[in-house]
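A short write-up of the structure that comes next.
The values are calculated or read from the model by the stated rules, or taken from the named source; none is laboratory data. As the structure is a prediction and not an experimental result, all values here were calculated from the model. In this analysis, Cβ positions are derived from the backbone assuming ideal geometry, glycine residues included, and neighbour counts consider all displayed protein chains.
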Amino acid sequence: MSLGAVLVAAPFAEEILDFFVWHEWSLAGFFFVLLAFALLNLRGFPKIPQGKPKEIPKVSILVPVRDEAENIGECLASLLRQDYPDYEVLVYEEGSKDDTKAILSGFSDPCLQVIFGDGPSPGWLGKPWACARLAEMAKGELLLFVDADVRLAPEALVSAVAALERENIDLLSLLPRQEMPNLGAALHVALIPWSLSSFFPLFVPKLRRVAVGQFLLIRRAAYEKIGGHGAVRAEVLEDQALASRAAKAGLRLKLFFSGDLARCRMYRGFWEANRGLAKNLFPIFKKKLLPFAFVWTWLFYVAWQPLFVLPLALLGYVSSELIRPAAWALGSAFFLWAFTALRFRLPLWLPLAYPLVHLVAWFTAARSAFWHIAQRGTWKGRSIHVKGGKP
């Protein structure tokens, strides 16, 4: 006897079946809500237009560096080619164990200043420490923090300053086009544009509390008002912490997609990407275990459950009434991922592999929770946990 027949023969079978049908439709509805967010975020999280500002404030491009031999050469070459009349590039290097220092020593440009500095003081993480030191030495009215794995098109800086001026905002952030050199990196990195686009209501100005530290342009006055990196010295996600402080201070901020103006290759393989995201995922939820566990388990469930229910319904093992809602759930999830892939120029095979993205995300989230709860996490040879980090 099939499972469907058992359900029909069981007491309250109709009510039970109605619940499962309703539940399956609710999964489809969940993805429709995410798709609605993604569509509305075409305005709330738009592609940055190219343009030129009316005024030309001095910009300090600030690059914290540690063990970036594979990236820093291309990054600096792109920064020194900017079509902007008045800018400087400051690099703070400390503690690199690869060829980073040698590569930096080979650069000579009047716009460039390289600082070979000390490691972080007690209570500081490495990146906030380097960024704070850079900001102290910067001469610009605008501060642009750029990660070493980012490459900018020549017109990137002038377009960002123009957007900051045109939108009258205090903090502008860009999500670069993410380069994914292989399957392992793609299964991790694809989660970033997907979640930013579909989970955050960036179309509501008062709810804009998101920034991407890969490219963060902020007015010096705003930076000083929120306490700079000293106020987020122990934060793994210092970019999100700065954005949150800016929003609470009543400052205006906005996130853009860079299009071709910026690109970033965050990771080069599965395990490097896994460590990188494990460092970040739990702090996004303020290290609150219950909501963290619920969200990632739910996302894993909604991605995989229809994949089992639909074939079971087609083969007659469960009620055929589940076919339509399960098909809609799968279709809406696929469409959301297809929209994300097209908009952010991700690999076109990702919509077919989205269940694997959610499986990898669940595994990474579990590792992230363990790292932070057990204080076992490290990045580039250093612990990501500090004591006494409050300003």
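Descriptive notes on the structure:
- Note on region 221-237: among residues that are in a helix (DSSP H, G or I) and charged (D, E, K, R), the one that is surrounded by the most Cβ atoms within 10 Å (Cβ to Cβ) is Lys225.
- Candidates Ser258, Ser244, Ser319 - the one that is in contact with a Lys or Arg (Cβ under 8 Å, 6 or more places away or on another chain), over 25 Å from Ser78 (Cβ atoms) and either hydroxyl-bearing (Ser, Thr, Tyr) or not assigned by TED's automatic domain parsing to the domain that holds Val21 (or both): Ser244
- Tabulated pairs, region 235-253, first on the phi < 0 side of the Ramachandran plot, second among the aromatic types (Phe, Trp, Tyr) and surrounded by 18 or more Cβ atoms within 10 Å (Cβ to Cβ), C-beta under 6 angstrom, 6+ apart or interchain: none
- Test result for Met180, touching a Pro at 6+ places or on another chain (Cβ under 8 Å), within 30 Å of Phe334 (Cα to Cα) and of a type outside the set (Ser, Thr, Tyr): yes
- When Leu290 is tested against (1) modelled with pLDDT of 95 or more; (2) of a type in the set (A, V, I, L, M); (3) farther than 23 Å from Leu17 by Cα; (4) touching a helix residue (DSSP H, G or I) at 6+ places or on another chain (Cβ under 8 Å), only condition (4) is not met.
- Residue list for region 298-336, restricted to those being among the β-branched types (Val, Ile, Thr) and under 25 Å from Ser195 (Cβ atoms): Val302, Val309
- Figure legend. Inter-residue proximity from region 82-107: first residues under 14 Å from Glu70 (Cβ atoms), second residues surrounded by 18 or more Cβ atoms within 10 Å (Cβ to Cβ) and of a type in the set (Val, Ile, Thr), beta-carbon distance below 8 Å, spacing 6+ or different chains. Indicated pairs: Ser96/Val65; Thr100/Val65; Thr100/Ile72; Ile103/Ile72; Leu104/Val65; Leu104/Ile72; Leu104/Val91; Leu104/Val114.
- Cβ pairs under 6 Å, 6+ apart, first in region 126-144 and in contact (Cβ under 8 Å) with a residue 24 or more places away in the chain and assigned to a loop (DSSP other than H, G, I, E, B), second surrounded by fewer than 21 Cβ atoms within 10 Å (Cβ to Cβ) and of a type in the set (Lys, Arg): Gly140/Lys58; Glu141/Lys58; Glu141/Arg220
- For region 240-272, the tally of residues that are at pLDDT below 95 and crowded, with 23+ Cβ neighbours inside 10 Å stands at 1.
- In region 94-102, the count of residues that are acidic (Asp, Glu) and within 30 Å of Ala326 (Cβ to Cβ) is zero.
- Consider region 367-385 and keep the residues that are outside any helix (DSSP H, G or I) and small (Gly, Ala, Ser). The one that is farthest from Ala278 (Cα to Cα) is Gly381.
- Residues in region 63-94 that are touching a helix residue (DSSP H, G or I) at 6+ places or on another chain (Cβ under 9 Å) and of a type in the set (A, V, I, L, M, F, W, C): Val63, Val65, Ala69, Ile72, Leu76, Leu79, Val89, Leu90, Val91.
- Some residue of region 287-298 being touching a residue at least 12 places away in the same chain (Cβ under 8 Å), within 30 Å of Ala69 (Cα to Cα) and surrounded by 17 or more Cβ atoms within 10 Å (Cβ to Cβ): no
Residue-by-condition table, conditions (1) of a type in the set (A, V, I, L, M); (2) assigned by TED's automatic domain parsing to the domain that holds Leu142; (3) in a loop (DSSP other than H, G, I, E, B):
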{"site": "Pro49", "(1), (2), (3)": "no, no, yes"}
{"site": "Lys52", "(1), (2), (3)": "no, no, yes"}
{"site": "Pro64", "(1), (2), (3)": "no, yes, no"}
{"site": "Ala69", "(1), (2), (3)": "yes, yes, yes"}
{"site": "Gly73", "(1), (2), (3)": "no, yes, no"}
{"site": "Leu76", "(1), (2), (3)": "yes, yes, no"}
{"site": "Arg81", "(1), (2), (3)": "no, yes, yes"}
{"site": "Tyr84", "(1), (2), (3)": "no, yes, yes"}
